[in-house]
Amino acid sequence: MGLFTRRKTVSIDADILIIGGGMAGCGATYEARYWGRDLKIVCVEKANIERSGAVAQGLYAINCYMGMQWGENQPEDHVRYARNDLMGLVREDLGYDIARHVDGTVHKFEEWGLPIMRNPETGRYLREGKWQIMIHGESYKPIVAEAARKAATEVYNRIMVTHLLTDRTRPDRVAGAVGFNVRTGDFYVFRAKAVIVSAGGASHIFKPRAAGEGMGRTWYAPWSSASAYALPILVGAKMMQMENRIVLTRFKDGYGPVGAYFLHLKTYTQNAYGEDYEPKWFAVLRETIGDYVDKHPVPTCLRNHAFLEEVKAGRGPIRMVTKEAFQDPHKETVGWENFLGMTIGQAVVWASQNIDPKHTNPELTTSEPYVMGSHATCSGAWASGPSDYAPAEYQWGYNRMMTVEGLFGAGDTIGGTAHKFSSGSFTEGRIAAKAAVNYVLERKREQPQVSEAECNDLKKAIFKPLETYTVGRNEIVAGTVSPSYLLPLHGLQRLEKIMDEYVGGIGSHYTTNEPLLTRGLELLKMLKEDLELLGAENLHQLQRAWELQHRMLTSEAVTQHTLYREETRWPGYYYRADHPKLDDANWHCFTLSRYDRHSGSWQLEKAPVYHIVD
Amino acid sequence: MPTFVYMTRCDGCGHCVDICPSDIMHIDETYRRAFNLEPNMCWECYACVKSCPQNAIDVRGYADFAPLGHSVRVLREEKKATVSWKIRFRDGREKDFVSPIRTTAWGSIPSPGELDAPEAGALRNQELAHEPQSLHIEGGLPALSPGQLKRGAA
């Protein structure tokens, strides 16, 4: 008699199920209700939507706003910007789609009560940069969550979704999802006619710079546990550009943002000896990547590259020159409030080390890599484009539907749409939800059938770590070392070490090659087998166990994609030392993968890139 | 440690448990008060600190890189719609900041289900809720023509 047999099962039927109540999920919930007045809209979240997702602690800027009403930018301009920054490879149809809608989203945020700063001279939103506007965003997420709560039929907080369900007779048709309540331990089965995955991207798949207590101070939230990818991967959805991880240049240790510092405060970087180090490295870069280095603004990865080379040459630390700007009291206030609004931990670091940027130029660093889809990177699911202009190869159904029927995505989940940030993610949730409402209504509310046997099997698998721990714990006196189980932290640290050493983390200067990646895959396979023996002492650890499973599968995808793309497309994000040049002749394309959960094998292929005519 | 809880101030109300995005604030079974059970998964997001009615939760910077003696305190007042900060450096210097957090009443956002229903047929076009008015531009929602996209190399 296993422990799972006594567990309560809660079954919930929905027309549209939204998994993850961050920015994208809240946007999806809102829009689904607008178009689907009598539909049952259910949003499920592993934390509490009031403060969940990447915007939980707030933001000090909205980084994706066109300003079409003032003729500041047009959607095409944003597409060109994202394309240049990602070295030529973005889904321009999807990016344009977000850009044409995003202003309407931001105007709603302001109407709902989000304080957006204004330029006193022009009356327009105060620009931090060409695309960024400044906000007092401490309550950005609570405001957006309020809109979602008003819209949803039901919001389920504290339920960790572990797997999607597919139709009993049609494995290419989504039918719902399962998970567990992290407070009660109840098993949840959601049946739905359409599912929107709007979960978080991936922190903690590469070893972080701070490996002790500070391992939580990652750039992306520690609760971004790669569910955005693992959920669709497990049901065979095609993924794109999973090799396109991001490395961030940030203030040291706290990973405080530099955007406002560069763009609004006009601070700049220099090496330990007060020199501007970037131009000389850009000149060398021309040999490996050609004229991509001449783009304006210089792509994010290439600025990282200059930083890394200068540090390797022994002229670190690299510092942000703040002393001049911070003499202006307004700029000093902006500099501090920028952190208090979105990365409080950086203010804690500076207070603890007596760093006042008015008197000290603070150090910068480059972060460990992250996999996500909404910043200067665009890993994620391969999705169908907008029907009014997307090329035929990008259209197989409804907008933002993946290659699994009825399965939609938004935010970090959807690949190819870099630089959507918070406002673009919310907007993409809206786009996906309208399409999902269409999908449900056009099928006359056809109800897919879930397999009872599959649900029972998943129930056993989901709660197994509790049983493994309970049984194995009796073998040992005390402590964390057992021959019969691994704790979630053990598995996480092994995963991070493998990814760091073999797939291009900080420990290897972001460099890898085919032999390293091949060996990495062997070690990942053994880890995956060992994760069958995860032990969880309680429900909190059970959540950590499933977060780790999601990170594991995502890491496998990242490694497979990195192996497949035989070039160095984004120096400064990672390097294939065996293919050190950018190779447009062979690799000006997307990489796609599909996972077969039965055999555990991956299939990779190329897909064409379409550009907007300039 | 991110966050920690003062024994004499916490009354075990559980607001922090309810709000923590990382699920690391829990109630200690012996003392019936909250504590951070996994400091190395704390983002220092301050969601729990802001939610505590007793001001019982504080932050001590991560031990691996933050010297002791600092503090960053916050007071979030929904009724006043402000958030106030006091930063204290290790050497005693202090800085104070106050920001607005909301311009409308809490709970004032209407449900989209209560708004006028969209016209039949609007579901099939490209416009999202409130468009095109919400874009604040003439000429409606921008669009590309299919011929504007061309296939790239490789």
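Give the separation of the Cα centroids, segment A:109-177 to segment A:237-306, in Å.
28
Å³ per residue of the Cα convex hull, for segment A:174-294?
It is 210 Å³ per residue.
Take every Cα-Cα distance within the protein assembly as shown, group them into 20 Å bins from 0 onward, and report for each bin the whole-number percent of pairs it holds.
Final binned percentages: 17, 55, 27, 1.
Gap in Å between the Cα centre of segment A:439-461 and the Cα centre of segment B:96-131?
Here the answer is 32 Å between Cα centres.
For the peptides B:30-40, A:471-481, what is the packing order when you average, over each peptide's residues, the other Cβ atoms within 10 Å and list the highest mean first?
Working: B:30-40: 17.1, A:471-481: 10.1.
So the order, starting with the most tightly packed, is B:30-40, A:471-481.
Can you pull out the trypsin sites (Lys or Arg not before Pro) in segment A:146-228 that DSSP calls coil and that have at most 15 other Cβ atoms within 10 Å? Could you put the intermediate results ahead of the total?
Details: sites: A:149, A:150, A:158, A:168, A:173, A:183, A:191, A:193, A:209, A:217; in loops: A:158, A:168, A:183, A:209, A:217.
Listed in order of number, the matching sites are A:168, A:183.
Given labels modelled 7 Å from the Cα in the Cβ direction, how far is it in nm from residue B:111 to residue B:7?
4.8
For chain B, can you list the cysteines whose C-beta has no other cysteine C-beta under 4.7 Å from it?
B:10, B:13, B:20, B:42, B:45, B:52
For chain B, count all C-alpha to C-alpha pairs, find those more than 22 Å apart, and express that count as a whole percent of the total.
When every Cα pair of chain B is considered, 63 percent fall beyond 22 Å.
With a cap of 13 neighbouring Cβ atoms within 10 Å, and only residues DSSP puts in a loop, list the GluC sites (Glu not before Pro) found in segment A:235-293.
Those satisfying the criteria are A:275.
What average count of beta carbons from other chains do you get within 10 Å of the Cβ of residues in B:84-96?
4
For peptide B:57-69, compute the average count of partner chain beta-carbon atoms within 10 Å of each residue's beta-carbon.
Mean shielding by partner chains, rounded to a whole number: 6.
Give a quick list of chymotrypsin sites (Phe, Trp or Tyr not before Pro) in segment B:39-80 that DSSP marks as loop, anything other than H, G, I, E or B, with at most 16 other Cβ atoms within 10 Å.
Sparse-neighbourhood loop chymotrypsin sites (Phe, Trp or Tyr not before Pro): none present.
Please compute the average number of Cβ atoms from other chains found within 10 Å of each residue's Cβ in peptide A:333-340.
Counting other chains' Cβ atoms within 10 Å and averaging over A:333-340 gives 3.
Hey, what did segment B:3-100 get for relative contact order, percent, Cα under 8 Å, at least 6 apart?
Working: 167 pairs, mean separation 21.6, N = 98.
So the answer I get is 22 percent.
So for segment A:173-312, averaging the separation of alpha carbon pairs under 8 Å that are six or more residues apart and normalising by length, what relative contact order in percent results?
Reported relative contact order: 14 percent.
How high is the FRET efficiency between residue A:393 and residue A:474 when r is their beta carbon distance and R₀ equals 56 Å, given to the nearest 0.05?
According to the calculation, E is roughly 0.45.
For segment A:402-416 and segment A:581-610, what is the separation of their Cα centres, given in Å?
A separation of 17 Å, based on Cα centres.
With equal scatterers on the alpha carbons only and no solvent term, can you work out the Debye log10 of I(q)/I(0) for segment A:236-335 at 0.15, 0.17, 0.18 1/Å?
These q points yield log10 I(q)/I(0) values of -0.73, -0.89, -0.97.
So what J values fall out for segment A:556-572 if you push phi through Karplus, 6.51 cos²θ - 1.76 cosθ + 1.60 with θ = phi - 60°, rounded to Hz, Gly and Pro as x?
Values per residue, Gly and Pro as x: 4, 4, 4, 5, 4, 5, 5, 5, 5, 7, 8, 6, 10, 7, 10, x, x Hz.
Answer rounded, prolate or oblate for segment B:76-143, using the Cα gyration tensor with square roots of eigenvalues a ≥ b ≥ c: rounded when a/c is under 1.5, else prolate when a/b is larger than b/c, else oblate. All intermediate terms of the calculation are to be shown ahead of the outcome.
On the way: a/c = 4.74, a/b = 2.59, b/c = 1.83.
Prolate is the answer for segment B:76-143, as a/c is 1.5 or above and a/b outweighs b/c.
Kirkwood hydrodynamic radius, computed over distinct alpha-carbon pairs, for segment A:414-530: how many Å, to one decimal? Intermediate values should be presented prior to the final figure.
Values: mean 1/r = 0.0518 Å⁻¹.
Over segment A:414-530, the inverse of the mean reciprocal pair distance is 19.3 Å.
Any chance you could run the full-extension gain for residue A:529 through residue A:360? It's 0.36 nm times the residue separation minus the Cα-Cα distance, nm to one decimal.
Values: separation 169, 0.36 × 169 = 60.84 nm, distance 4.97 nm.
That pair, residue A:529 and residue A:360, stretches by 55.9 nm at full extension.
First obtain the Kirkwood hydrodynamic radius of segment A:456-582 from its Cα pairs, then insert it into the Stokes-Einstein equation at 10 °C and 1.306 mPa s, and state the resulting D in µm² per second as a whole number.
The Stokes-Einstein estimate is 100 µm²/s.
Residue A:176's amide H: which non-local residues (gap 5+, or another chain) put their own amide H closer than 5 Å, with H modeled 1.01 Å from N in plane and none for Pro or chain starts?
Residues meeting the amide H criterion: A:165, A:192.
Run the simple label-point estimate for residue A:70 and residue A:604 please: 7 Å along Cα→C-beta, distance reported in nm.
About 4.5 nm separates the two model spin labels.
Hey, fewest Cβ within 10 Å first, where do A:501, A:31 land in order?
In order of increasing Cβ crowding within 10 Å: A:501, A:31.
Need one word for segment A:322-411: rounded, prolate or oblate. Basis is the Cα gyration tensor (sqrt eigenvalues a ≥ b ≥ c); a/c below 1.5 gives rounded, then a/b vs b/c decides.
Cα axes put segment A:322-411 in the prolate bin.
With θ set to phi - 60°, apply the Karplus curve 6.51 cos²θ - 1.76 cosθ + 1.60 along segment A:413-428 and write out the HN-Hα couplings as whole Hz, x wherever there is a Gly or Pro.
For segment A:413-428, the Karplus-derived couplings read 5, 8, x, x, 10, 5, 6, 8, 6, 5, 5, x, 5, 4, 5, 5 Hz, x marking Gly and Pro.
Let me check against my output: what whole-number percent is the relative contact order of chain A, with C-alpha pairs under 8 Å and at least 6 apart?
21
Give the shape of segment A:322-476 as rounded, prolate or oblate, defined through the alpha-carbon gyration tensor: a ≥ b ≥ c are the square roots of its eigenvalues, a/c under 1.5 means rounded, and otherwise the shape is prolate if a/b is larger than b/c and oblate if not. Let's see the in-between values first.
On the way: a/c = 3.30, a/b = 1.43, b/c = 2.30.
Oblate is the answer for segment A:322-476, as a/c is 1.5 or above yet b/c matches or exceeds a/b.
None of the figures in this text is laboratory data; all of them are computed from the coordinates on show. Not measured: the values here are computed from a predicted model. Quick reminder, even Gly has a Cβ in these numbers, built from the backbone with ideal geometry, and neighbours come from all protein chains shown.
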